[in-house]
Amino acid sequence: MPIDLARNWWALAIRGIAAVVFGLLALFWPPTAFVALVLVFGAYAIVDGIFNLVAAVRAPHTGRRWGPLVFEGIVSLIVGMITLLWPRISAFALVMFIAAWSIVTGIAEVVAAIRLRKQIRGEWLLALSGILSLALGVLLFLAPAAGALVLTIWIGAYAVVFGAVMVGLSLRLRSWASNHPQLPGGDFAHHPA
């Protein structure tokens, strides 16, 4: 799995950049445009799910575990599609969707970090992103009646921090891959997957 992550460091970077862009939009979007925020979140969740499924498809080639990636990818796709199909969803329902999604993805990321702790450096960044996801989910479950503005600020701040952590992790993986060009699976430092 560390080889797969290192090969696909760019996918984590794109995921992180997408999260930062989403977070900035959420922080600076007018509160009256809550439906637009719902659509942006739905699109982000779908992109996140697709990247997880792509990583899962590539994982079996090296004999690594791919189950958590598939699970996280499917959950993200389902949440994203539900959000896009019903954009006028109530704030309460959206909070519950986002809270559940954050907790599921947070658990998957913490589990992945624990499995990788002896294989790569910087796995704490993946664990930190998982903890941030879990914290957001818990906060949203504890305060579901928060107004759209508060929800927008929470989600935006979370997405910016999460995205920055993902970009940091991707850069660490890129550095790790360039320092280990002859790992099993060939010279992927010069031949991107």
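The values are calculated or read from the model by the stated rules, or taken from the named source; none is laboratory data. If you're wondering where the values come from, they're calculated on a predicted model, not measured in any experiment. Positions of Cβ are generated from backbone atoms using ideal geometry, with glycine treated the same way; all protein chains shown enter the neighbour counts.
Can you tell me which of VAL95, VAL70 is under 17 Å from VAL47 (Cα atoms) and at pLDDT 75 or above?
After ruling out the rest, the residue left standing is VAL70.
Which numbered condition trips up LEU84, out of (1) buried (at least 18 other Cβ atoms within 10 Å of the Cβ); (2) under 15 Å from TYR44 (Cα atoms); (3) touching a Gly at 6+ places or on another chain (Cβ under 8 Å)?
(1)
Being at pLDDT below 80 and either among the β-branched types (Val, Ile, Thr) or not in a loop (DSSP other than H, G, I, E, B) (or both), is that true of even one residue in segment 84-91?
yes
Run down VAL57, VAL47 and say which single residue is modelled with pLDDT of 80 or more, within 19 Å of GLU109 (Cα to Cα) and loosely packed, with under 15 Cβ neighbours inside 10 Å.
VAL57 is the lone residue from the list that is modelled with pLDDT of 80 or more, within 19 Å of GLU109 (Cα to Cα) and loosely packed, with under 15 Cβ neighbours inside 10 Å.
For segment 108-154, give me each residue that is modelled with pLDDT under 80, of a type outside the set (Ser, Thr, Tyr) and under 21 Å from VAL47 (Cβ atoms).
Once the filter is applied, which keeps residues that are modelled with pLDDT under 80, of a type outside the set (Ser, Thr, Tyr) and under 21 Å from VAL47 (Cβ atoms), segment 108-154 yields LEU151, TRP154.
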